[in-house]
Amino acid sequence: MAYINAANSADFVRVLVRVNDGSAPAFADFISSGSVTAGTLEVPALQDITITNTPSTFRWKQLDSADESVVTSVSSNAISGNLVLDPTKFFGTDPSGPSEASGTAVEEGIFGLSNKKQKIDIIIGLSGLSTGDRYVMASGYFSNVAPTVSADSPIWTSPYGVEIDGAYTVSTVA
Amino acid sequence: MRTELIAALTTALSSTGIGLSSELPWDSAGEPLYMKNMKRVYLAAEELTTAVLVPVLNGSDINRNEIIVRAYLAVDAKTQPTGLSSAITAITNAKDTQLISTAYERLADYTTEFVGDVLIYTFEYRFMKIE
């Protein structure tokens, strides 16, 4: 039985984020010639990540059946997790002002993309993003960003979420 | 940490009548230096314990380093020095010295034992750092 091992440095989970350009994302938008494309943000220091796909259900009962019947309808998709703050990746290299249009994901950072309600594309490499690795890709909006620190754990961390617009694309790196 | 504690205790103990040595408490003819030279505080070498504070999926874990420094003071149990109580307080409070700027948690406690007619105080400082 095979399993997805994310323990080795070559198999680390990779999450890349870029500003959506109005079209559906493609792998080449994130990685070109083996390198992360300009303006694409690689999210560091992930503590955990969860990919959720929850179809809505419609259930009904029939007099000629002892059990409920069900069909699924539209799905609710979301990504969630926690990360340790890297100030450059979290707050951006050159965040735009409140009345300015959003810059790139690198410039805005995670907090800026959330604060500006900027639509993003996101790709998650379950064990890296090299040839043969499986990935999940989608578009959506950052949510639930809540940086926090405490006296007995003096490292800033934050939960994060991405509310997905539409369906996931699941594929393998060619 | 040991260097900073020595600097802090040099000042804190100056009016207590209790001395301070910068030497390690090594054994001389089977007897630790603090037994041979009573009423003088000796600080042992630092000890380090590393534990993962925040595990990370895609990079280096964030570690918590616990640095332990022990100090020893021996006094005559029959005739204790007049400044002993002040010295004990000063030694314990040295954990808060601002000469140590990287610790986010500081702990200090002490235990006592008798060896013949000698009362031995063993202090333990514990400093937590993020790496």
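Residue by residue through region A:125-140, which ³J(HN,Hα) values in whole Hz follow from phi under the Karplus form 6.51 cos²θ - 1.76 cosθ + 1.60 (θ = phi - 60°), with glycine and proline marked x?
x, 5, 9, x, 10, 9, 3, x, 7, 8, 9, 10, 9, 6, 10, x
Sequence-distant or interchain residues sharing an amide H contact under 5 Å with A:Ser75, placed H: which?
The answer is A:Ser56.
Could you line up A:Leu113, A:Leu85 from fewest to most neighbouring Cβ atoms inside 10 Å?
A:Leu85, A:Leu113
Cut-off 10 angstrom, C-alpha nodes, Gaussian network model of chain A. Which of A:Ile110, A:Ile124, A:Ile51 fluctuates the most?
Taking springs between Cα atoms under 10 Å, the residue moving most is A:Ile51.
Taking chain B as a Gaussian network, where each spring joins two C-alpha atoms under 10 Å apart, which residue of B:Ala45, B:Ala74, B:Ala94 fluctuates the most?
Top of the fluctuation ranking is B:Ala45.
Please build a GNM for chain B, connecting alpha carbons under 10 Å apart, and tell me which residue among B:Ile62, B:Ile120, B:Ile88 fluctuates the most.
Among B:Ile62, B:Ile120, B:Ile88, the largest GNM mean-square fluctuation belongs to B:Ile62.
Which far-off residues, 5 or more places away or on another chain, put their amide H under 5 Å from the one on A:Asp133, with H placed in the peptide plane?
Amide H neighbours of A:Asp133: A:Val173.
With a cut-off of 8 Å between alpha carbons and a minimum separation of six or more residues, what is the relative contact order of region A:40-170 in percent?
After rounding, I find 23 percent.
May I ask for the longest run of chain B untouched by chymotrypsin sites (Phe, Trp or Tyr not before Pro) that are loop-located per DSSP and have at most 15 neighbouring C-beta atoms (other than their own) within 10 Å?
Maximal segment without exposed cleavage sites: B:27-103.
If one computes the Cα centroid of region A:109-164 and of region B:77-131, what distance in Å separates the two points?
Going from one Cα centre to the other spans 46 Å.
At what distance in angstrom do the alpha carbon centres of region B:1-74 and region A:8-60 lie from each other?
Spelled out, the Cα-based centre of one part sits 48 Å from the other.
What list of ³J(HN,Hα) couplings, whole Hz, do you get for region A:31-42 from phi and the Karplus terms 6.51, -1.76, 1.60, once you set θ to phi - 60° and write x for glycine and proline?
Karplus values, whole Hz, x for Gly and Pro: 10, 10, 6, x, 10, 5, 5, 4, x, 7, 9, 9.
How much of the DSSP bridge set in the protein assembly as shown is antiparallel, in percent, rounded to the nearest 5?
95 percent
What are the trypsin sites (Lys or Arg not before Pro) within region A:104-153 that DSSP puts in a loop, where the Cβ has at most 11 other Cβ atoms within 10 Å?
A:Lys117
Could you give the angle, 0 to 90 degrees to the nearest 10, between helix A:105-115's Cα long axis and the longest principal axis of the Cα atoms of chain A?
50 degrees
Note down the relative contact order for region B:1-79 as a percent, whole number, built from C-alpha pairs under 8 angstrom at least six residues apart.
For region B:1-79, the relative contact order is 28 percent.
Which residues in region B:96-129 have a backbone N closer than 12 Å to a point placed 7 Å from the Cα of B:Ala77 along the Cα-to-Cβ line?
Residues B:112-121 qualify, since their backbone N sits under 12 Å from the label point.
Which loop GluC sites (Glu not before Pro) in region A:100-137, with loop taken from DSSP, have no more than 12 other Cβ atoms within 10 angstrom of their Cβ?
Taking region A:100-137 and a limit of 12 other Cβ atoms within 10 Å, the loop GluC sites (Glu not before Pro) found are A:Glu100.
Which of the chymotrypsin sites (Phe, Trp or Tyr not before Pro) found in region A:1-93 are in a DSSP loop and have at most 13 neighbouring Cβ atoms, other than their own, within 10 Å?
A:Tyr3
Per the Debye formula with a single identical scatterer at each Cα and no solvent contribution, what log10 I(q)/I(0) holds for chain B at q = 0.10, 0.12, 0.14, 0.17 Å⁻¹?
-0.36, -0.50, -0.64, -0.87
Grab the beta carbon distance between A:Tyr3 and A:Ala66, set R0 = 35 Å, and tell me the FRET efficiency rounded to 0.05.
Result of the calculation: an efficiency of 0.35.
For region B:65-72, in order, what is each residue's ³J(HN,Hα) by Karplus, 6.51 cos²θ - 1.76 cosθ + 1.60 with θ = phi - 60°, in whole Hz (x at glycine and Pro)?
Here the 3J(HN,Hα) series is 9, 9, 9, 10, 10, 9, 10, 10 Hz.
So what is the 222 nm mean residue ellipticity for chain B from helices alone, if each DSSP H run of at least 4 adds -39500 (n - 2.57) and you divide by all residues, rounding to the nearest 500 deg cm²/dmol?
So the calculated ellipticity at 222 nm is -5000 deg cm²/dmol.
Over its Cα atoms, what ratio of radius of gyration to 2.2 N^0.38 Å does region A:11-86 give?
The reported ratio for this selection is 1.73.
All of the numbers you see were taken from the coordinates with simple rules; none came from a lab. Since the structure is predicted, the reported quantities are computational estimates derived from the model, not experimental observations. Neighbour counts are summed over all protein chains in view; Cβ atoms, including those assigned to glycine, are modelled from backbone coordinates with ideal geometry.
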